[in-house]
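Contents: one structure, followed by commentary.
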Amino acid sequence: MASSARPTLILLVRHGQTPTTGVELYGRKPGVQLSAVGWGQAEKVAERISEIDHRRIAAIYSSPLKRTLETATPISEAIGIPVKQKRGLIELDVGAWTGRKLNQLRKLKAWSAVQKYPSGFRFPKGESFVEMQTRMAQTIDGFVTNHPGKTVVAVSHADPIRALVAHAMGTHLDLFQRIVVSPCSVTAILYTPSGPVVLAVNNTGDLGSLTPA
């Protein structure tokens, strides 16, 4: 992971709630939109981020999926910076499992591997967790290189954010399922010359104190 001499703060925002959050494994299914609750969450996280010094926020990037772009819109309006789509932030490609109900998937023998051995699992006709973690880390690496000493907002999805946290902490990917990333929570990672510093995970409150101790 590249790191500028000037630390770069990455604020990772999970998209807001959708009508099928926790019910369906929608993956990259097109057209999944925020629910009314999700829009409220997006407005709230935009307000929280807007309390950060605007001069330090250099860019807002979003996964190209509808639910992330919708979440990024209030942030863009609050900060006054346009949203740039970045495919590297996209959701894990769950292939043939796209759109299936979670209560059905949990009955599959392969579901145990997803939970206990994700580093060795590839979704049928889809992506592996290792590939997802690698592209996410490479994408953030590009942000750090391109925005030294600044703050970058990146709107993404639960699994990519959790995998990035594990990468930043040097935690094995097989343990990343233990990390909680709620809808419209903020995860903050400071990339420094000596390595990443995880300042917050699943933050749903004040962001004003996001500085290393």
Computed E for residue 85/residue 44 - FRET, C-beta separation, R0 22 angstrom, nearest 0.05: 0.45
Highest to lowest packing among 121-134, 181-194, 155-168, scored as the average C-beta count within 10 Å: 155-168, 181-194, 121-134
Two-site label geometry, residue 23 and residue 96: point separation in nm, points 7 Å out along Cα→Cβ: 2.6
Where only C-alpha atoms are counted, convex hull volume of the stretch 8-203 per residue in Å³: 103
Centre separation in Å (Cα based) which lies between the stretch 26-47 and the stretch 65-97: 10
Helix 66-79 vs. the chain, principal-axis angle (Cα, 0 to 90°, nearest 10): 10
FRET E, pair residue 54, residue 131, Förster distance 41 Å, beta-carbon r, rounded to 0.05: 0.70
Over 26 Å (Cα to Cα) - which of 86/109; 44/150; 66/116 fall in this group: 86/109; 66/116
Helix-only [θ]222 nm of the chain, DSSP H runs n ≥ 4, -39500 (n - 2.57) each, per residue, nearest 500: -10000 deg cm²/dmol
Nearest-ten-degree value, helix 158-169 long axis tilted from longest Cα axis of the chain: 60
Cubic angstrom per residue, convex hull over Cα atoms of the stretch 12-104: 90
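Values in this text are rule-based calculations from the coordinates and carry no lab data. Please read these numbers as outputs of a predicted model, since none were measured by experiment. Neighbour counts run over all protein chains shown; Cβ positions are idealised from the backbone, glycine included.
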